[in-house]
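S.K.: I have a structure I would like to understand better, so I am pasting it below and will then ask my questions one at a time.
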Amino acid sequence: MSEWITLTARTIDAPLLVPGLDPVRFVELSEHDIAALPVSAGRQPATLGDFFTVQGGRSARVRVEWSTDRIDGLGAGMTGGELEIDGDAGSLVGAGMRGGTLRVRGSVGDEAGAAMAGGLLRIDGDAGERVGANTAGAAKGMTGGEILVLGSAGAEAGARLRRGLIVVGADAGRDAGRAMIAGSLFVLGSCGEGAGRGSKRGSIVACGGVTVPPTYRYACTYQPPHVRMTLLYLVRRHGLTIDDALVESAFRRYCGDAGDPGKGEILERVHSV
């Protein structure tokens with residue numbers, strides 16, 4: 001039994017889909033068994049050992065070294081344990097994950113954490129489009145867990161969010177929180193056009209600027225307790241650097257979008273009540 005299982009990527013010249021990289025599954029697998037796991041490289045049958053050097057076995061802690069944005073699906077469907085990705089990764093990182101901790105020490109492609117139901121996905125760099133959103137044709141996006149993107153996020157972050165917390169440390173692209181059903185989306189930078197469009201419930205917290213859609217109505221300006229508590233939680237639990245002035249800020253509350261009255265909200269930061 002190893003403390004960590006290390007998968008070191010070799011040169012990968014074409015997109016590679018690596019399904020089933022669930023640390024819980026690896027507890028019962030030897031180094032040889034792990035190397036024999038199937039991967040998808042176009043139409044040719046292949047194994048994990050064809051693209052990665054495997055060291056260690058029988059552990060729920062897995063590290064992927066020399067990862068690149070050509071590797072898709074890392075941690076998709078993960079149920080527990082720890083997975084660390086040293087480098088960038090492609091699309092569908094942590095998609096459908098239900099538990100455990102997945103940390104990417106780089107940037108990721110589209111649909112990271114799509115349809116996520118539990119666990120923690122932390123991305124130290126940027127994320128592509130539709131982080132924490134619904135999969136194609138699905139009515140619900142993320143239904144639980146936490147996603148932290150320390151950099152920026154592309155369009156439709158948190159689309160159809162049902163439950164859970166998504167935090168974007170820099171800017172978010174257009175249509176952030178589109179058709180949200182519930183949950184919370186914190187954007188510490190600015191939001192692109194269309195934030196909260198079609199939202200039914202839930203909170204979009206815009207700390208660095210937002211154009212509020214005309215379908216939202218101004219309600220009040222106040223200091224939301226849940227915003228302060230969440231920001232302090234991010235500092236204490238995850239070590240984020242957040243200015244005290246932001247923690248103590250007031251916010252303009254706007255209500256919308258779907259329904260009458262709309263039960264979704266956009267909270268826009270101001271500097272005084």
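The values are calculated or read from the model by the stated rules, or taken from the named source; none is laboratory data. Treat the numbers as computed from the prediction; the structure is a model and nothing was measured. Backbone-built Cβ (ideal geometry, glycine too); neighbour counts: all protein chains shown.
S.K.: Working only within the stretch 9-50, note down all residues that are crowded, with 16+ Cβ neighbours inside 10 Å, in contact with a Ser or Thr (Cβ under 8 Å, 6 or more places away or on another chain) and of a type in the set (Gly, Ala, Ser).
M.R.: Result: ALA9, ALA35.
S.K.: Going through GLY164, GLY169, GLY183, GLY154 one at a time, which residue ends up being assigned by TED's automatic domain parsing to the domain that holds ALA127, touching a Ser or Thr at 6+ places or on another chain (Cβ under 9 Å) and either among the hydrophobic types (A, V, I, L, M, F, W, C) or over 19 Å from MET97 (Cα atoms) (or both)?
M.R.: GLY169
S.K.: Separate question: Quick check on my filter: what residues within the stretch 125-149 are of a type in the set (Val, Ile, Thr) and within 13 Å of ILE181 (Cα to Cα)?
M.R.: Scanning the stretch 125-149 gives a single hit, THR143.
S.K.: Can you name the condition, by its number, that ARG63 falls short on among (1) buried (at least 16 other Cβ atoms within 10 Å of the Cβ); (2) in contact (Cβ under 8 Å) with a residue 40 or more places away in the chain; (3) within 19 Å of the chain's Cα centre (by Cα); (4) under 30 Å from LYS140 (Cβ atoms)?
M.R.: Going through the list (1) buried (at least 16 other Cβ atoms within 10 Å of the Cβ); (2) in contact (Cβ under 8 Å) with a residue 40 or more places away in the chain; (3) within 19 Å of the chain's Cα centre (by Cα); (4) under 30 Å from LYS140 (Cβ atoms), ARG63 breaks only (4).
S.K.: What number of residues within the stretch 81-126 are outside any loop (DSSP other than H, G, I, E, B) and among the basic types (Lys, Arg)?
M.R.: Total meeting the criteria: 2.
S.K.: Give just the number: which of (1) among the charged types (D, E, K, R); (2) on the phi > 0 side of the Ramachandran plot; (3) not in a loop (DSSP other than H, G, I, E, B) does ARG58 not satisfy?
M.R.: Result: ARG58 passes all but (3).
S.K.: Further question: For the stretch 227-253, give me each residue that is surrounded by fewer than 17 Cβ atoms within 10 Å (Cβ to Cβ) and in contact with a Leu (Cβ under 7 Å, 6 or more places away or on another chain).
M.R.: Matches in the stretch 227-253: HIS238, LEU240, ILE242, LEU246, VAL247.
S.K.: Of the residues GLY20, GLY49, which is assigned to a helix (DSSP H, G or I) and not acidic (Asp, Glu)?
M.R.: GLY49
S.K.: When the stretch 109-153 is examined, which residues are found to be farther than 16 Å from LEU165 by Cβ and buried (at least 19 other Cβ atoms within 10 Å of the Cβ)?
M.R.: GLY109, ASP110, GLU111, ASP126, GLY128, GLU129, ARG130, ASN134, SER152
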